[in-house]
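**Q** Dropping a structure here in structure tokens format, bear with me for questions.
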């Protein structure tokens, strides 16, 4: 029996949540790396993650769980800390987006 990946279409809001999460994850990883004055080259040498792979992750590409674990370890950040921060940033982004989106009542006036 061969295993095939199913192409599952996600609801628009869920798909955009996943995209937002990837962007926030990448931005946070870049922020942490830069705040420690770690270059791509030094980070790659210390972790074994290629420079190009790190750049892709920082630009919002979804990393494998192994790659993410190695990156977090290289930055001395626990999974719990990381996901807590990403969760809080997602809530803040959604709240900011809600403030920018006019309500139906406001649109009709």
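**Q** Mind giving me the nanometre distance, one decimal, between the label points for residue 81 and residue 16, set 7 Å out from Cα along Cα→Cβ?
**A** 3.3 nm
**Q** Right, something else. By counting other Cβ atoms within 10 Å of each Cβ, how are 70, 55 ranked from fewest to most?
**A** Listed from fewest to most nearby Cβ atoms, that is 55, 70.
**Q** Related question: For residue 45 and residue 66, compute 0.36 nm times the residue count separating them, minus their Cα-Cα distance, and round to one decimal in nm.
**A** Taking residue 45 through residue 66 to full extension adds about 5.9 nm, to one decimal.
**Q** Any idea what the relative contact order of the stretch 16-95 is, in percent, if you count C-alpha pairs under 8 Å spaced at least 6 apart?
**A** 38 percent
**Q** Once the piece of chain linking residue 56 and residue 36 is laid out straight, how much longer is it, given 0.36 nm per residue of separation minus the C-alpha distance between them?
**A** Going from the current span to full extension adds 5.3 nm.
Since every read-out is calculated from the coordinates, none of them should be taken as a lab result. Fair warning: this is a prediction, and the values are worked out from it, not measured in the lab. Please note: Cβ atoms are built from the backbone with ideal geometry, for glycine as well, and neighbour counts cover all protein chains shown.
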